[in-house]
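Contents: one structure, followed by commentary.
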Amino acid sequence: MAGSTCTFLHLADIHLGYDRYDSPERSKDFFLAFRDVVQRHAIENQVDFVLIAGDLFEHRQIQPGVLNQAQIVLRALKQAKIPVLAIEGNHDNRPFGVKTSWLRYLADHGELILLEPTEGEQGIHLQPWSAENRRGAYLDLPCGVRVIGSQWYGSAAPKSIEQLSAAIRQLPPGPERVVLMFHHGLEGQIARYQGALRYSEVLPLREAGVGYLALGHIHKSYSEEGWVFNPGSLEANSTAEWDFERGAYRVRWGEGAPQAELIRDYYQRPCQRLQLEAKGKETPEQVTAALLALAEGSRLEREGIEPIVEVRLRGQVGFAKHELDSRTLQRQLQQLTGALILLFRFEATPLELGSAAITLEEEGERLQIEEKIYTDLLSSHAHYRQRSVELARLLLDLKEKILSGQEESQVYSYLKSTFLGEED
């Protein structure tokens, strides 16, 4: 079978049971994406096998409904006689000291093949997978591909790669085309990812004979040098991932290097980001009106699926955050956009005070300095900006009257006649 072409679907980071935003519909999205990509690109195209390179589940402990979601898809693949080979990721691996996991449960019931190396004093050992006890680290498939599994190694990944490479070299002869599933990420793909591997650290695997390194863990699709492939997650787990290219790899591997095509045409909930740049002159009421107008003109609906919408208020504002009725505004925005989930982000900063530095030499006398401070403070607030000079002088007058010992009744009378235009 060495000369035949083998086809497979490479998935990772499916995250069944995702529960952010406390939305049952959003949790269901991850199941619908999994079911749809498998139906369209594995079953209808009759691939030879499916890989799940970690994080089938969002959590180590799952609800019965989440297990049922996994079984629906896995049983459809089993009925189509397409084997599913999987490894644990950092989200669904067994805790330290625990002997089982939900992936192990699925494997013991014949719904997927969990490939797991064993570790001993001499390092990592790779045993052939046994159909009898449903245990093993690698499997030679009829299409002429050897698939090897691994585990979530975390910070020990570089050392584990060395041990895996040595163990692969010691395997008995088999198919020349070798796939290794490995749940870890390469550096330089996303920001703020600690512990990513350098490309040079995975090269020993290639030297040991691995021709397709099937990665998971990072939710963004990328590939390196024609042999390292990471499909990304099927669905975006956060708004930060909306702009990531992600999906599943459909792979054809005949003579030469594997040919991997990123698949993105399957069920996904639409996402939309709206942004308003405030200039600092608007009142809370004006900002609210502008946000509502922005939302009204941006309704997005794809095939009857309600979107997830993020609305950001950026720039500068001349009022405090609490002066904006965010809860009411969020409800109005959700209604106008038709969103399943509406996320409102107040990211604007208070308007800066006057940029000129104040020194005694530049500003002269104390009263002039105080008047400038008051004027700048009042100008930063949208309600007082138009009368900032007038009000600054009023504050100075009031301060002088109080310091000079005037009676409270006299100060109040002055305030009424000057500011409110009333006479006693």
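Computed from the coordinates by the stated procedures, all read-outs in this text should not be read as laboratory data. All values derive from a computational prediction rather than experimental measurement. Quick reminder, even Gly has a Cβ in these numbers, built from the backbone with ideal geometry, and neighbours come from all protein chains shown.
Mind checking which lysines have their Cα closer than 16 Å to the Cα of K321? Skip sequence neighbours fewer than 8 apart in that chain.
K279, K281
Taking neighbour Cβ counts within 10 Å as the exposure measure, how do L415, L9, L333 sort from fewest upward? Could the numbers behind the result be given before it?
Details: L415 15, L9 26, L333 22.
Result, fewest neighbours first: L415, L333, L9.
Would you mind checking the radius of gyration and Dmax of the stretch 271-350 based on alpha-carbon positions, in Å?
12.4, 41
Given H placed on each backbone N at 1.01 Å, which residues far from R345 in sequence or on other chains put an amide H within less than 5 Å of it?
Counting only residues 5 or more places away or on other chains, the set is V311, R312, L313.
Residue by residue through the stretch 54-70, which ³J(HN,Hα) values in whole Hz follow from phi under the Karplus form 6.51 cos²θ - 1.76 cosθ + 1.60 (θ = phi - 60°), with glycine and proline marked x?
Once θ is set to phi - 60°, the couplings for the stretch 54-70 become x, 6, 5, 10, 6, 10, 5, 9, 10, 7, x, x, 6, 4, 4, 4, 4 Hz.
Efficiency by 1/(1 + (r/R0)^6): what FRET value for R331 and S404, r their Cβ-Cβ distance, R0 = 56 Å, to the nearest 0.05? Walk me through the numbers on the way to the answer.
Values: r = 52 Å, r/R0 = 0.93.
After rounding to 0.05, the efficiency reads 0.60.
Is the stretch 47-154 rounded, prolate or oblate when judged by the Cα gyration tensor, a ≥ b ≥ c being the square roots of its eigenvalues, rounded requiring a/c under 1.5 and prolate requiring a/b larger than b/c? Walk me through the numbers on the way to the answer.
Numbers: a/c = 1.86, a/b = 1.05, b/c = 1.77.
Oblate, because a/c is 1.5 or more while a/b does not exceed b/c.
As an exercise, identify the GluC sites (Glu not before Pro) in the stretch 175-253 lying in DSSP coil whose Cβ has no more than 11 other Cβ atoms within 10 Å. Spell out each step's value before the answer.
Details: sites: E176, E187, E201, E207, E224, E225, E235, E241, E245; in loops: E176, E187, E225, E235, E245.
Taking the stretch 175-253 and a limit of 11 other Cβ atoms within 10 Å, the loop GluC sites (Glu not before Pro) found are E176, E225, E245.
Give me the extension gain from R387 to K321: residue separation times 0.36 nm, minus the current Cα-Cα distance, reported in nm with one decimal. Before the final figure, lay out the partial values.
Numbers: separation 66, 0.36 × 66 = 23.76 nm, distance 2.22 nm.
Additional length available on full extension: 21.5 nm.
Rank these for me by crowding, H91, H183, H322, going from fewest to most other beta carbons within 10 Å. Intermediate values should be presented prior to the final figure.
On the way: H91 21, H183 28, H322 8.
Going from sparsest to densest Cβ surroundings: H322, H91, H183.
Could you derive backbone 3J(HN,Hα) for the stretch 208-221 from the dihedral phi with the Karplus parameters 6.51, -1.76 and 1.60 (θ = phi - 60°), listing whole Hz in sequence and x where the residue is Gly or Pro?
7, x, 6, x, 9, 9, 8, 8, x, 4, 7, 8, 10, 6
Per residue of the chain, what 222 nm ellipticity follows from adding -39500 (n - 2.57) for every DSSP H run with n ≥ 4, rounded to the nearest 500?
Using -39500 (n - 2.57) per qualifying helix, the result is -9000 deg cm²/dmol.
Taking the chain as a whole, which cysteines find no other cysteine Cβ under 4.7 angstrom from their Cβ?
C271
For the chain, take the longest principal axis of its alpha carbons; what is the angle in degrees between that and the long axis of helix 157-169, to the nearest 10 within 0 to 90?
So the inclination is approximately 10 degrees.
For the stretch 185-244, run through the trypsin sites (Lys or Arg not before Pro) and keep only the ones in DSSP coil with at most 13 other Cβ atoms within 10 Å of their Cβ. Walk me through the numbers on the way to the answer.
On the way: sites: R192, R198, R206, K220; in loops: R192, R198, K220.
In loop regions of the stretch 185-244 (DSSP not H, G, I, E or B), the sparsely surrounded trypsin sites (Lys or Arg not before Pro) are R192, R198.
Which value results for Rg/Rh of the chain when Rg is the Cα radius of gyration and Rh the Kirkwood radius based on the inverse mean 1/r?
Numbers: Rg = 31.3 Å, Rh = 25.9 Å.
Rg divided by Rh gives 1.21.
Explain nothing, just the number: relative contact order of the stretch 6-263, from Cα pairs under 8 Å at least 6 residues apart, as a whole percent. Don't jump to the answer; show the numbers that get you there.
Details: 554 pairs, mean separation 51.2, N = 258.
That works out to 20 percent.
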